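Participant: Pasting a structure below so you can have a look.
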Amino acid sequence: MNDMTQPVATGETGPGTQQQRRKFIGGSDVAAIMGVSPWKSAVEVWQDKTGRRTDDRADDPAIAKVLSRGKRWEPIALEMLVDELHARGHAVELIGRSNRYIDTELDFLACEIDAELSLDGELVNVEIKTVHPFAQKKWGEMDTDEVPIEYAAQVMHGLGITRRRLCVVGCLIGADNMIPYFVENDAETIAAMRDKCTQFWRGHIETDTPPNALDFQDLRILFPKDNGTQK
């Protein structure tokens with residue numbers, strides 16, 4: 001393991017986890033900060049980190065269903081990914097699951113890795129995604145790095161913090177189609193992302209200054225009440 005990282009076991013659930021996550025920018029925040037998340041905006045990340053957002057994604061029944069499905073299927077999907085890699089002739093060993101890593105240079109950056117494998121003798125990150133067949137078109141050909149951009153941001157964030165070369169993304173389509181994708185560390189992309197996250201943390205979280213609203217939903221978040229002056 002690279003001595004530039006500090007692994008911290010994770011797996012907590014509930015309000016305590018939400019409180020802890022306010023202390024750092026995690027993989028699920030990065031896509032929003034970069035402006036490529038289909039789920040939330042940078043304004044919502046700012047709300048999360050400053051304690052203004054008291055609800056949880058799991059409160060939305062539709063989102064809760066997706067999160068629950070992913071949680072239930074993750075151990076099975078990981079086992080299927082290992083089997084698939086074995087079948088392709090790789091030497092594979094499961095090293096760990098659900099570890100949190102905190103960046104040693106920027107302690108407000110952290111990532112939670114679904115799993116870690118020894119792949120042909122190399123320690124690699126693993127991300128598991130369960131995907132509805134209707135959403136398969138967002139993914140490229142197997143054995144490539146063509147994952148949806150919001151997941152690519154999460155993966156690059158994790159590679160930057162763990163200082164590893166490769167992340168294997170196991171994409172489970174439906175119930176039985178496991179497709180592996182191989183995303184390599186891109187130093188230039190990671191440097192740009194770290195710079196953007198640093199600007200966001202120091203310019204918005206530490207100063208308690210909201211980022212610019214990008215759409216009407218952001219405006220509703222920042223200005224939830226009508227002041228009574230509009231006609």
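Participant: Take the cross-link list K129/K196; K40/K196; K23/K196; K49/K196; K23/K138 and give me the ones stretching past 20 Å between alpha-carbons.
Facilitator: Working: K129/K196 25 Å; K40/K196 17 Å; K23/K196 17 Å; K49/K196 16 Å; K23/K138 32 Å.
The pairs that break the limit, which is 20 Å between Cα atoms, are K129/K196; K23/K138.
Participant: Also: What FRET efficiency comes out for I76 versus A192 if R0 is 41 angstrom and r is the Cβ-Cβ distance? Round to the nearest 0.05.
Facilitator: On the way: r = 36 Å, r/R0 = 0.87.
The pair I76/A192 has a calculated efficiency of 0.70.
Participant: Provide, as a two-decimal number, the C-alpha radius of gyration of region 92-215 over 2.2 N^0.38 Å, N being how many residues it has.
Facilitator: Numbers: Rg = 16.0 Å, N = 124, 2.2 N^0.38 = 13.7 Å.
Region 92-215 yields a ratio of 1.16.
No lab work stands behind these numbers, since they all come straight from the coordinates. None of these values were measured; they are calculated from a predicted model. Reconstructed Cβ throughout: ideal geometry from the backbone, glycine too, with neighbour counts over all protein chains shown.
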